[in-house]
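So the structure is just underneath, and the comments pick up after that.
The values are calculated or read from the model by the stated rules, or taken from the named source; none is laboratory data. This one's a predicted model, so the numbers in the text were calculated from it and none came from an experiment. Using ideal geometry, Cβ is built from the backbone for each residue, glycine included, and neighbour counts are taken over all protein chains shown. Note: areas computed on protein heavy atoms with side chains; ligands, DNA, RNA excluded. Shrake-Rupley method; radii C 1.70, N 1.55, O 1.52, S 1.80 Å.
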Amino acid sequence: GIQVEQSPPDLILQEGANSTLRCNFSDSVNNLQWFHQNPWGQLINLFYIPSGTKQNGRLSATTVATERYSLLYISSSQTTDSGVYFCAGAGGSQGNLIFGKGTKLSVKP
Amino acid sequence: DAMVIQNPRYQVTQFGKPVTLSCSQTLNHNVMYWYQQKSSQAPKLLFHYYDKDFNNEADTPDNFQSRRPNTSFCFLDIRSPGLGDAAMYLCATSRVWGEQFFGPGTRLTVL
């Protein structure tokens, strides 16, 4: 079955610092998404990135499908970036997402 | 704006008292999903509808049922909630096996 692993599990940053979150996934994954879960529990779509590189403001993501990993970059972090970041993969004949355990990010002022 | 809406945002029920959670979408997506997320855990898929075709995950308890009366609406019924069913319930939609978009969730408390 599909496996998704995220690292690190926890990350504490000072405001303004940069960070990289990693997601490793199994061979059967062919769709990958990154989410930010806000304090109210809503999952906010960050990137839909089966392969390649995308950027959205201070955030960017790269997926290297041949090596089964994806990276989420956060630059010039702000306190509002705090929360849990999930990577989730889907594969096979259905689109069911399997989530990693998440990275809990805390940005201190 | 096209979106996924969940009602209510917070639901309190009593042990064993049936409860229904609602999800609607204006995205006109074929697929609708229900996920359960317990405290400090990742979301876990319960089931999904591809149009009217219902697909249950193997480990979803029988206590959980779903209905999709039309493209826009999908309901999660919990027939006899137990304390272990307290969680955030997330509805998502997608085009066929594409990017998924989530609603704000319903936080269920069981007393």
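Listing for the model above:
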item	result
Out of B:59, B:85, sole residue that is over 27 Å from residue A:91 (Cβ atoms) and either more than 9 Å from every other protein chain (Cβ to nearest Cβ) or of a type outside the set (Phe, Trp, Tyr) (or both)	B:85
Qualifying position, being open to solvent by less than 10 Å² (accessible area, probe 1.4 Å) and more than 10 Å from every other protein chain (Cβ to nearest Cβ), among A:82, A:60, A:51, A:77	A:77
Extreme residue, farthest from the other protein chains (Cβ to nearest Cβ), among residues of the range A:11-48 that are of a type in the set (A, V, I, L, M) and either in a loop (DSSP other than H, G, I, E, B) or surrounded by fewer than 16 Cβ atoms within 10 Å (Cβ to Cβ) (or both)	A:17
Exclusive hit being in contact (Cβ under 8 Å) with a residue 40 or more places away in the chain and of a type in the set (Ser, Thr, Tyr), set B:109, B:60	B:109
Test: residue in the range A:64-73 that is more than 14 Å from chain B (Cβ to nearest Cβ), of a type in the set (A, V, I, L, M, F, W, C), assigned to a strand (DSSP E or B) and open to solvent by 20 Å² or more (accessible area, probe 1.4 Å)	yes
Test: residue in the range A:87-104 that is polar (S, T, N, Q), within 16 Å of the chain's Cα centre (by Cα) and under 22 Å from residue B:40 (Cα atoms)	yes
Complete set of residues in the range B:63-111 that are buried (at least 18 other Cβ atoms within 10 Å of the Cβ), more than 20 Å from residue B:31 (Cα to Cα) and of a type in the set (Val, Ile, Thr)	B:78, B:110
Every residue from the range B:58-103 that is hydrophobic (A, V, I, L, M, F, W, C) and more than 22 Å from residue A:47 (Cα to Cα)	B:58, B:64, B:73, B:74, B:75, B:76, B:78, B:83, B:86, B:87, B:88
In the range B:1-30, the residues that are within 16 Å of residue B:101 (Cα to Cα), of a type in the set (A, V, I, L, M, F, W, C) and modelled with pLDDT of 95 or more	B:4, B:5, B:23
Extreme residue, surrounded by the most Cβ atoms within 10 Å (Cβ to Cβ), among residues of the range B:4-62 that are among the hydroxyl-bearing types (Ser, Thr, Tyr) and outside any strand (DSSP E or B)	B:60
Odd one out for residue B:75 among (1) of a type in the set (A, V, I, L, M, F, W, C); (2) within 14 Å of chain A (Cβ to nearest Cβ); (3) at negative phi	(2)
Output for the range A:90-104, where each listed residue is modelled with pLDDT of 95 or more and surrounded by 21 or more Cβ atoms within 10 Å (Cβ to Cβ)	A:99, A:100, A:102, A:103
